[in-house]
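Trainee: Let me give you the structure first, and then I'll get to my questions.
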Amino acid sequence: MQTVYRICGVVGTGAMGRGIAQMAAQAGSEVILFDAQEGAAQKAVDALRSTWLKLSEKGKMDPAVAQNCTDRLRVATSLPDLAECHLVIEAIVERLDVKQRLFQQLEEVVGPDCVLATNTSSLSVTAIGAALKHPSRLAGYHFFNPVPLMRVVEVIAGLKTSPQVCQKLAEYSRQFGHTPVSAQDTPGFIVNHAGRGYGTEALRVAGEQVADFATIDRILRDQMGFRLGPFELMDLTALDVSHPVMESIYRQYYDEPRYRPSVITAQRLAGGVVGKKVGDGFYAYVDGLAQIPAEPPVPQVDTLPPVWVSPKAARRQELYQLLKDLGASIETAAAPSSSALILVAPLGLDVTTLAAVERLDPARTVGIDMMLDDKATRRRVLATNPATRSDMRNAAHALFARDGKAVSVVRDSGGFVTQRVVATIVNIAADMCQQGVCSPADLDLAVTLGLGYPMGPLAMGDRIGPANVLEILFNMQTVYGDPRYRPSPWLRRRGALGLSLTHEEA
Ligand code: NAI
């Protein structure tokens, strides 16, 4: 296999540069490493040698191939040593002036056809290229940490980047086993932009005292299949990394309400409660293990009241079947009896609003999240309203836990927990399609590979049904009066027409 770039330079040999150099060598390029700090490039070469040695000892790499990779590495002592490179990728400090200066210096030493690539995660590729004589040769090449394991790379075209440059970079990434996705030069590119919904909406839910951090994590893991809950994830990434990203994207989009960060993370960052690495975050850590508070026990209830279901409940037939399976005594009259537990299953609205609009006794009204098929989830989520009596809350909890399935009872909130977070994720993704940040297919691919979500945001929207997502958002706007929930036109049109979110227009 002929490699796309025979000689590849890597400038900045920290965590990212090292991983990029590994990929380049494995793609068959000769790799020249340079770092401003004396000895750093040699350290990176030594570390890569030992990585390949370990891989070959474990039988994961042919020893001859490992040796070839090692032989292909060279250390540069100054930038002019990169003169013969066909591609130079930088992974230095994240500062516009420093990156611009580096590329200006590189332009002085490399040949006219040499491609220049930046691994920036937050700066504009167009702005970096503005300092160059030939900005058409510069593209964004955004890898994720750790590079060898996170097998996706965003190829970003600045305003002046030549399409051929992007095409070749994409082809090159396939040679080292990565999946390239194409992005326009917009704040956060694909993954960091699409990732705004999960944490920020979960923080809003927590900020409204709907549920505690551990309960929100449990709900999103068990209902939607996220591998990590949003607070576990923020503890792992650490708030000194994730809070500035939230602020940066919000500011770069001129205070777009959808990306508004939370005072919770600002305060925790200020207090140094940043996550697992300091042993203190949304969870406390002992010997590196999160101390997870126990779930509230299922209340003991001797006699369960009869149950009446609102005619407007989402998935009403499935809810009836579930109640039958749980052995509930179901009322079928037009109105509930005076002793009935009243169940509502709203999409986007809160239990309070439904009780008021449907003229139900709020003291006996409890909500259940039926957005997803009960059989497809590992947890049921109930919500009380401020007037719900404790005997009714306990009865609902005990009833829905009868078959042993986990149940969380949260405070009233338009959209419970999962509806809110998922609708926000889908809406942001739909808006990215509207803005042409990338293709719908690349969006889902990048998020699945880069964030490890159980499915791409658009596929998530299709699973719930675009019309349902739209209804959730419209109703949440009613409850909160907050522009952050206004649906993207991309979602509105597809929801109204009953089209898939990945449907391509002619
Ligand atoms: P790092 O701090 O581990 O390594 C940076 C290296 O660059 C250091 O060895 C430093 O001596 C060298 N350096 C700094 N200025 C230089 C210059 N002017 N010329 C030559 N070498 C210079 O940082 P890390 O984590 O490897 O990140 C590097 C870049 O990659 C940043 O721009 C960052 O935004 C981007 N990035 C980082 C990710 C991460 O998760 N760490 C993810 C995606 C992108």
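The values are calculated or read from the model by the stated rules, or taken from the named source; none is laboratory data. Keep in mind the model is a prediction, meaning the values are calculated, not measured. Note that we place each Cβ from the backbone using ideal geometry, even for glycine, and neighbour counts take in every protein chain shown. To get the accessible areas, we keep the full protein, side chains included, count just its heavy atoms, and leave off ligands, DNA and RNA. Shrake-Rupley method; radii C 1.70, N 1.55, O 1.52, S 1.80 Å.
Trainee: Restricting attention to the range 134-175, and to residues there that are hydroxyl-bearing (Ser, Thr, Tyr) and away from the ligand (no atom under 11 Å from the Cβ), which single residue is most open to solvent (accessible area, probe 1.4 Å)?
Mentor: This residue is SER136.
Trainee: Say we look at the range 443-482 and pick out the residues that are more than 12 Å from the chain's Cα centre (by Cα) and among the small types (Gly, Ala, Ser); which of these is least open to solvent (accessible area, probe 1.4 Å)?
Mentor: Among those residues, the one meeting the criterion is GLY461.
Trainee: It is to be established whether one or more residues within the range 88-99 are within 19 Å of CYS8 (Cβ to Cβ), open to solvent by less than 10 Å² (accessible area, probe 1.4 Å), away from the ligand (no atom under 16 Å from the Cβ) and at pLDDT 95 or above.
Mentor: No, that holds for no residue.
Trainee: Six or more apart or on different chains, Cβ under 7 Å: which pairs go from a residue in the range 108-131 that's within 18 Å of GLY14 (Cα to Cα) to one that's within 11 Å of the ligand (Cβ to nearest atom) and among the aromatic types (Phe, Trp, Tyr)? Could you list them?
Mentor: ALA117/TYR141; THR118/TYR141; ASN119/TYR141; ASN119/PHE143
Trainee: Has the range 75-84 got at least one residue that is modelled with pLDDT of 95 or more, within 18 Å of PRO148 (Cα to Cα) and either surrounded by fewer than 19 Cβ atoms within 10 Å (Cβ to Cβ) or assigned by TED's automatic domain parsing to the domain that holds SER121 (or both)?
Mentor: No: the range 75-84 contains no residue that is modelled with pLDDT of 95 or more, within 18 Å of PRO148 (Cα to Cα) and either surrounded by fewer than 19 Cβ atoms within 10 Å (Cβ to Cβ) or assigned by TED's automatic domain parsing to the domain that holds SER121 (or both).
Trainee: Looking at the range 200-220, can you tell me whether even one residue there is open to solvent by 10 Å² or more (accessible area, probe 1.4 Å), more than 16 Å from the ligand (Cβ to nearest atom), among the small types (Gly, Ala, Ser) and outside any helix (DSSP H, G or I)?
Mentor: yes
Trainee: Take THR126 and tell me if it is of a type in the set (Ser, Thr, Tyr), over 28 Å from GLU38 (Cβ atoms) and buried (at least 17 other Cβ atoms within 10 Å of the Cβ).
Mentor: yes
Trainee: Looking only at the range 265-310, which residues are closer than 29 Å to ALA345 by Cβ and open to solvent by less than 80 Å² (accessible area, probe 1.4 Å)?
Mentor: PRO293, GLU295, VAL298, PRO299, VAL301, LEU304, PRO305, PRO306, VAL307, TRP308, VAL309, SER310
Trainee: Answer yes if at least one residue in the range 132-153 is of a type in the set (D, E, K, R), in contact with a Phe, Trp or Tyr (Cβ under 8 Å, 6 or more places away or on another chain) and in contact (Cβ under 8 Å) with a residue 12 or more places away in the chain, and no otherwise.
Mentor: No, the range 132-153 has no match at all.
Trainee: Any residue in the range 1-22 that is within 16 Å of the ligand (Cβ to nearest atom) sitting within a Cβ distance under 7 Å of a residue that is open to solvent by 10 Å² or more (accessible area, probe 1.4 Å) and of a type in the set (D, E, K, R)? List the pairs, counting only those 6 or more apart or interchain.
Mentor: GLY12/ASP35; THR13/ASP35
Trainee: Find all pairs meeting these conditions: Cβ atoms under 7 angstrom apart; at least six residues apart or on different chains; first residue within the range 173-188 and farther than 19 Å from LYS160 by Cα; second residue hydroxyl-bearing (Ser, Thr, Tyr) and in a loop (DSSP other than H, G, I, E, B).
Mentor: Going by the 7 Å Cβ cut-off, the qualifying pairs are GLN175/THR3.
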